[in-house]
1. When you go through (1) part of a loop (DSSP other than H, G, I, E, B); (2) surrounded by 15 or more Cβ atoms within 10 Å (Cβ to Cβ) one by one for Val119, which number turns out not to apply?
2. Within the range 70-116, work out how many residues are surrounded by fewer than 19 Cβ atoms within 10 Å (Cβ to Cβ), in contact (Cβ under 8 Å) with a residue 40 or more places away in the chain, part of a strand (DSSP E or B) and among the small types (Gly, Ala, Ser).
3. Does Leu122 fit the bill of being closer than 30 Å to Arg16 by Cα, of a type outside the set (D, E, K, R) and without any contact (Cβ under 8 Å) to a residue 60 or more places away in the chain?
4. Tell me, which residue of the range 128-146 that is acidic (Asp, Glu) and surrounded by 15 or more Cβ atoms within 10 Å (Cβ to Cβ) is farthest from Ala62 (Cα to Cα)?
5. Check the range 105-115 and report whether any residue there is under 26 Å from Leu12 (Cα atoms) and of a type in the set (A, V, I, L, M, F, W, C).
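What follows is calculated from the coordinates using simple rules that are stated; it is not laboratory data. Please read all numbers here as calculations on a predicted model, not as lab measurements. Because the Cβ atoms are built from the backbone with ideal geometry, glycine has one as well, and the counts that use them run over all protein chains shown.
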Amino acid sequence: MHDVQQGVGAELRRRREDTVIRNTLATVAEPPADGPGTAGGPAGGVCRVVPFEEQPLVGDDAVRRHFDAMLAAFPDLAHEVLSIHHSADVVILEGRINGTQAADWQGIPNRGKRMELPVAVLSQFDGELLVDGTLYYDRAVAARQLV
């Protein structure tokens, strides 16, 4: 874990990291169970996934549908946190998701191949409250690995 802003206290950084990790895992793996601003998603309801080469997916329903389809195509989908960076009000998570394709996904026929995809998650906070979150990944990287 890496701090770029010394003005954010260690305990607040830890709580923010926990929230970002729980929120990222909930977004990718299962529907949110907690309330706004916690692991269930940003308080403002702004949750975006930006698969490059496509329009951003905005809102809990669009994001949920996207990851439901991804989980159906990659039932062994797993994620790994590589590093976390802090600023005064933003936490950046760098990670990787990987899985073996078991069904067609976004127009890519199932060939049983494995993908390993770098991701970045930007989470904006107001104090301890998560207010905005965006996950970025490059769909073209996945497509090259799966065809």
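1. Going through (1) part of a loop (DSSP other than H, G, I, E, B); (2) surrounded by 15 or more Cβ atoms within 10 Å (Cβ to Cβ) one by one, Val119 breaks only (1).
2. Summing the residues that are surrounded by fewer than 19 Cβ atoms within 10 Å (Cβ to Cβ), in contact (Cβ under 8 Å) with a residue 40 or more places away in the chain, part of a strand (DSSP E or B) and among the small types (Gly, Ala, Ser) in the range 70-116 gives 1.
3. Against the criterion (closer than 30 Å to Arg16 by Cα, of a type outside the set (D, E, K, R) and without any contact (Cβ under 8 Å) to a residue 60 or more places away in the chain), Leu122 qualifies.
4. Our first condition is that a residue be acidic (Asp, Glu); within the range 128-146, this holds for 128, 132, 138.
Among the residues that remain, those that are also surrounded by 15 or more Cβ atoms within 10 Å (Cβ to Cβ) are: 132, 138.
On the way: Asp132: 15, Asp138: 18 Å.
Among those residues, the one meeting the criterion is Asp138.
5. So in the range 105-115, the residues under 26 Å from Leu12 (Cα atoms) come out as none.
No, the conditions are met nowhere in the range 105-115.
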